[in-house]
Amino acid sequence: MRLVGLLRGRPVRDVVVWCVLGAAAGYGAVAGGGGRDDEPVSGSGIAAPAAGAALGPARGQEGASARRAAVARRWGLAAPPLRAPKPPSEKPDLVPARRAGGRELPAVVSRVPTDQRVVFLTIDDGDDKDPEFVRMMRELDVPYSAFLSHYLAKEDYGYFRGMQKLGTGLHNHTLNHPFLPGLDAAGQRKEICGQQRNLRRETGRRPRLFRPPYGEYTAQTLRIARSCGIRVVPLWTQEVFPDRMDHGGADRRLHPGDIILTHFRGRGDWPGSMPDVARRVLRTATEQGFALARLEDYV
Ligand SMILES: [Zn+2]
């Protein structure tokens, strides 16, 4: 039943999908809560300044909390985002798909196997390039990951390099955003491996993560993706819009390890801005006791 939910009603066809939810069993939460000390910190004053430290740890902490609350209010949030616990020292075991010959294919993941109360925000395509969004996430110190299609990102890869410098992972979402199962092997290779090359050139890194457009792929897609360096194919459990969040699960709640999908879109595309979408995600997560964590720390 859960597998059906993960596939969002898609027929399995010849797709080899390994549901990794079961892998959560035996994966214990890592005690922590000390915040992500390795996060890049903006100049917004979120980090405890030296003056606070001089007043003693308790006073310094109080000051930092007050500053975080003030930053949150400035971005229209009643409460600051919850701090993510320390990520696991070892990434959870993902179950890779296997081709008939025994060679591993990339692991397909809709929910990260973890017991920690963390969820992951992922943003696709790359059309809207709103600097306010980057500023908001930097000031609130909230991680997210981007999956870029070249035909949209190429207008300004510099925008995405800016978020990369702040710690955001930039990943593959094909050249032209096609329905991959409708292409032959050569066409799929061009779309996936071509974008690997573009991203390596533009960002200095060859992605390990790939998200097929519309979440649609076949076993052939996975084979091709693996051949050009992809190790993980993150799908999603929720999709968020400026005015709502669509849940894959019947209980309409967030769960540990959920992957939330949204898009780089602005007011020209839907009723709101990227900061509006971020506010919806953050309010929902905070109300339900979840922190946003960095997907690349887990997969
Ligand atoms: Zn897309």
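Counting only residues that are in contact with a helix residue (DSSP H, G or I) (Cβ under 7 Å, 6 or more places away or on another chain) and either in a helix (DSSP H, G or I) or open to solvent by less than 10 Å² (accessible area, probe 1.4 Å) (or both), how many does segment 129-141 have?
Total satisfying the criteria: 7.
Being more than 16 Å from the chain's Cα centre (by Cα) and without any contact (Cβ under 8 Å) to a residue 24 or more places away in the chain narrows it down to one of 287, 239, so name that one. After ruling out the rest, the residue left standing is 287. Residue 219 passes every criterion in (1) more than 16 Å from the ligand (Cβ to nearest atom); (2) more than 18 Å from residue 105 (Cβ to Cβ); (3) open to solvent by less than 60 Å² (accessible area, probe 1.4 Å) apart from (2). Residues in segment 242-252: is at least one within 16 Å of the ligand (Cβ to nearest atom) and either part of a strand (DSSP E or B) or closer than 26 Å to residue 132 by Cα (or both)? Yes, segment 242-252 contains at least one residue that is within 16 Å of the ligand (Cβ to nearest atom) and either part of a strand (DSSP E or B) or closer than 26 Å to residue 132 by Cα (or both). If we scan segment 105-127, do we find a residue that is exposed (fewer than 15 other Cβ atoms within 10 Å of the Cβ) and at positive phi? No, that holds for no residue. Per the listing 148, 183, 170, 175, the residue uniquely within 16 Å of the ligand (Cβ to nearest atom), open to solvent by less than 10 Å² (accessible area, probe 1.4 Å) and of a type outside the set (Asp, Glu) is 148.
Condition check for residue 161 on (1) open to solvent by less than 10 Å² (accessible area, probe 1.4 Å); (2) away from the ligand (no atom under 16 Å from the Cβ): one failure, at (1). Residue count for segment 205-216, restricted to those that are part of a loop (DSSP other than H, G, I, E, B), free of Cβ contacts under 8 Å to residues at least 40 places away in the same chain and within 16 Å of the ligand (Cβ to nearest atom): 2. Among the numbered conditions (1) within 16 Å of the ligand (Cβ to nearest atom); (2) surrounded by 20 or more Cβ atoms within 10 Å (Cβ to Cβ), the only one that residue 239 does not meet is (2). Just so you know, in segment 271-284 the residues that are surrounded by fewer than 18 Cβ atoms within 10 Å (Cβ to Cβ) and in a loop (DSSP other than H, G, I, E, B) include one that is nearest to the chain's Cα centre (by Cα), and it is 272.
All conditions in (1) within 16 Å of the ligand (Cβ to nearest atom); (2) under 20 Å from residue 116 (Cβ atoms); (3) of a type in the set (Val, Ile, Thr) hold for residue 232, with the sole exception of (1). Filtering 191, 202, 155 for residues that are over 30 Å from residue 65 (Cα atoms), within 15 Å of the ligand (Cβ to nearest atom) and either at pLDDT 95 or above or in a helix (DSSP H, G or I) (or both) leaves a single hit, 191.
For segment 256-270, filtered to residues that are more than 16 Å from the ligand (Cβ to nearest atom) and open to solvent by 50 Å² or more (accessible area, probe 1.4 Å), the residue that is nearest to residue 292 (Cα to Cα) is 267.
For (1) in a loop (DSSP other than H, G, I, E, B); (2) at pLDDT 95 or above; (3) within 17 Å of the chain's Cα centre (by Cα), each residue gets a yes or a no:
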site	(1), (2), (3)
66	no, no, no
73	no, yes, no
80	yes, yes, no
87	yes, no, yes
92	yes, no, yes
95	yes, no, no
101	yes, no, no
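The values are calculated or read from the model by the stated rules, or taken from the named source; none is laboratory data. Keep in mind that what you see is a predicted model, and the values were worked out from it rather than measured. Here Cβ is always computed from backbone atoms with ideal geometry, including for glycine, and neighbour counts include all displayed protein chains. Note: accessible area is taken over every heavy atom of the protein model, side chains too, but ligands, DNA and RNA are not part of it. Shrake-Rupley method; radii C 1.70, N 1.55, O 1.52, S 1.80 Å.
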